[in-house]
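The values are calculated or read from the model by the stated rules, or taken from the named source; none is laboratory data. These numbers were taken from a predicted model, which means no experiment stands behind them. For neighbour counting, all protein chains shown are included, and Cβ atoms are generated from backbone atoms with ideal geometry for every residue, glycine included. SASA here: full protein model, heavy atoms, side chains in, ligands and nucleic acids out. Shrake-Rupley method; radii C 1.70, N 1.55, O 1.52, S 1.80 Å.
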Amino acid sequence: MFERDGFLTARISDIAATAGLSQGSFYHYFDSKEQIFREVAEAQEQQLIAAPVEPSDDDRELSVHETIRRDNRLYLERYRDAARLMGVIEQVSRYDEHVNAARMATQQHFADNAERTIRRLQRQGLMDKRLDPRIAADALGAMMSRFAELQFVQHFRTYDFDDVAEQLTLLCLNALGVPGAPKAAGGRRRPSTTA
């Protein structure tokens with residue numbers, strides 16, 4: 001209902017009917033439409049940060065390039081696959097403190113992981129040591145989340161998904177000063193009609 005109608009116009013009677021419940025039964029489990037939406041939003045945010053369903057035994061042997069590419073692609077896939085709901089979450093997060101806190105917890109999760117990874121790779125000499133790991137992690141996380149919203153929710157431009165994943169990976173690698181980061185192939189890519 002939230003995906004179809006949006007938060008403001010979704011009605012408890014429709015939510016209850018879709019779930020096969022009476023409105024009275026709905027209120028046995030939830031106090032309000034806000035409460036059920038908050039739980040839906042929290043569950044969706046948990047989906048974004050969940051580990052891959054089938055972790056690979058090869059993960060320990062992935063290069064920095066491959067790890068960033070895999071992680072970026074997974075985030076983009078999950079965001080894209082839930083784009084309609086993510087659009088509603090993004091909208092509601094701007095005025096509902098609880099939903100905003102769930103959204104910020106996801107951002108914090110990615111930022112903390114990225115910061116730890118950047119620090120480790122700086123110690124190993126695999127990333128530019130001049131970068132402040134926290135600022136770099138926050139900036140790249142903001143780029144990823146805002147680009148995903150622009151691409152999959154607001155449809156700012158239409159690009160091929162594989163091109164988006166690759167270009168964002170190249171941006172991350174180059175921004176982090178990863179030695180031997182692959183250079184973008186060819187010239188500038190134009191928006192395409194496939195998503």
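Brief remarks on what is shown
- The orientation-averaged projection of the convex hull spanning the C-alpha atoms of the chain amounts to 13.3 square nanometres.
- Rounded Å value of the spacing that divides the Cα centres of region 61-78 and region 152-177: 12
- Here the spin labels are modelled as points 7 Å beyond Cα on the Cα-Cβ line, and at residue 105 and residue 14 they lie 2.7 nm apart.
- Magnitude of the charge dipole for the chain, about its Cα centre and with charges confined to Cβ atoms of Lys, Arg (+1) and Asp, Glu (-1), is about 800 debye.
- Region 37-121: relative contact order as a whole-number percent, Cα under 8 Å and 6+ apart: 42
- Accessible surface area normalised per residue over region 1-152 is 59 Å², counting heavy atoms of protein chains with a 1.4 Å rolling probe.
- Rounded to the nearest 500, the helix-only mean residue ellipticity at 222 nm of the chain stands at -21000 deg cm²/dmol, with each DSSP H run of n ≥ 4 adding -39,500 (n - 2.57).
- Using alpha-carbon coordinates, inclination of helix 83-93 to the longest axis of the chain, degrees: 80
- Compared with the dominant principal axis of the Cα atoms in the chain, helix 161-175 is inclined by about 50°.
- Ranking 8, 173 from most to least accessible surface, computed with a 1.4 Å probe over the protein chains only, gives 8, 173.
- Cα-based helix-to-principal-axis angle, 64-81 vs the chain, degrees rounded to 10: 20
- Around residue 36: net Lys/Arg minus Asp/Glu count, Cβ-Cβ under 13 Å: -3
- Accessible carbon and sulfur surface of region 64-111 relative to its total accessible area, %, 1.4 Å: 52
- Here the gap between residue 143 and residue 74, fully extended at 0.36 nm per residue and compared with their Cα-Cα distance, gives a gain of 23.3 nm.
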